[in-house]
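Trainee: Can you keep this structure in mind? I'll have questions shortly.
The values are calculated or read from the model by the stated rules, or taken from the named source; none is laboratory data. Every value quoted in this text rests on a predicted model; they were computed, and no experiment measured them. No Cβ is skipped: glycine too gets one built from the backbone with ideal geometry, and neighbour counts run over all protein chains shown. To get the accessible areas, we keep the full protein, side chains included, count just its heavy atoms, and leave off ligands, DNA and RNA. Shrake-Rupley method; radii C 1.70, N 1.55, O 1.52, S 1.80 Å.
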Amino acid sequence: MRNILIALLLSAPALAQANLVTNGSFEDSAVAAGSWSVFQSINGTWSTLAGTGIEVQNGVAGLASDGTKFVELDSHTNTGSTSTNTNSTMAQSISTTNGQNYNLSFDYAARLNTSAATNGLQAFWVNTLSAGATAANIIAAAAPGSMIANLSPGAGGSSNVWHTFSANVLGGTTGTSYLVFKATGTADTYGTYLDNVRVDSVAPVPEPETYALMGIGLVGLLAARRRKLLHTH
């Protein structure tokens with residue numbers, strides 16, 4: 001009887017979650033404690049679309065919200081970069097399913113001891129492009145219609161104040177979606193911090209009819225067990 005009950009419970013749709021973002025806390029980057037570095041690409045996970053690159057910090061000016069490292073997209077100039085725009089844009093391609101519901105979340109904070117004007121971060125969810133899209137096409141698609149966040153965390157104080165943003169997004173018809181982050185505000189190498197990026201696949205919430213059927217099944221099993229007990233006495 002116990003095994004049957006367990007089987008019924010396991011057969012119900014689960015609210016399963018699995019992070020689809022690779023290196024969402026930027027720990028997989030060669031940046032020593034007390035230093036920072038700017039990357040055009042971080043081990044094939046995040047790629048620069050525009051600007052000087054992806055600046056990863058490790059305990060230089062504030063603490064991460066998850067692990068020890070975080071990103072600042074109002075980046076310093078990078079060796080080999082020809083861009084003079086320190087407000088950078090980065091993206092990661094994610095395999096998604098058409099019509100599937102996902103929860104996107106990330107942490108953000110104003111840089112320490114900065115004005116409100118220098119801090120700003122935008123996030124976009126692009127689900128209309130195929131795998132292997134060019135940087136130019138991704139930037140063009142990261143338009144107001146695909147913007148999911150336009151954040152102004154205000155002035156930075158003497159310590160980090162991390163906030164969490166969360167939104168529901170949908171997988172597109174191509175099987176690939178692009179998560180894009182863009183620094184806004186004054187381009188002066190001091191900008192908003194980003195950390196703990198997640199895209200979790202969320203199973204549909206079971207319909208009331210599912211629970212009703214489970215309840216009927218449990219009642220039937222209990223009744224059958226009661227009849228069996230009565231016949232054995």
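Trainee: Using amide H atoms built 1.01 Å from N in the peptide plane, name the residues 5+ places from L49, or on other chains, whose amide H lies under 5 Å from its own.
Mentor: Here the answer is T89, M90, A91, since their amide H atoms fall under 5 Å of that of L49.
Trainee: Something else about it: Leaving out ligands and nucleic acids, note down the accessible area per residue over the range 92-205 with a 1.4 angstrom probe, in whole Å².
Mentor: 42
Trainee: Sort 151-157, 129-135 by the packing proxy (mean of other Cβ within 10 Å over each peptide's residues), most packed first.
Mentor: Per-residue mean Cβ counts within 10 Å order the peptides as 151-157, 129-135.
Trainee: Okay, next question. Of the listed peptides 96-104, 113-121, what is their order by residue-averaged count of other C-beta atoms within 10 Å, with the highest listed first?
Mentor: Taking the mean over residues of other Cβ atoms within 10 Å, the ranking is 113-121, 96-104.
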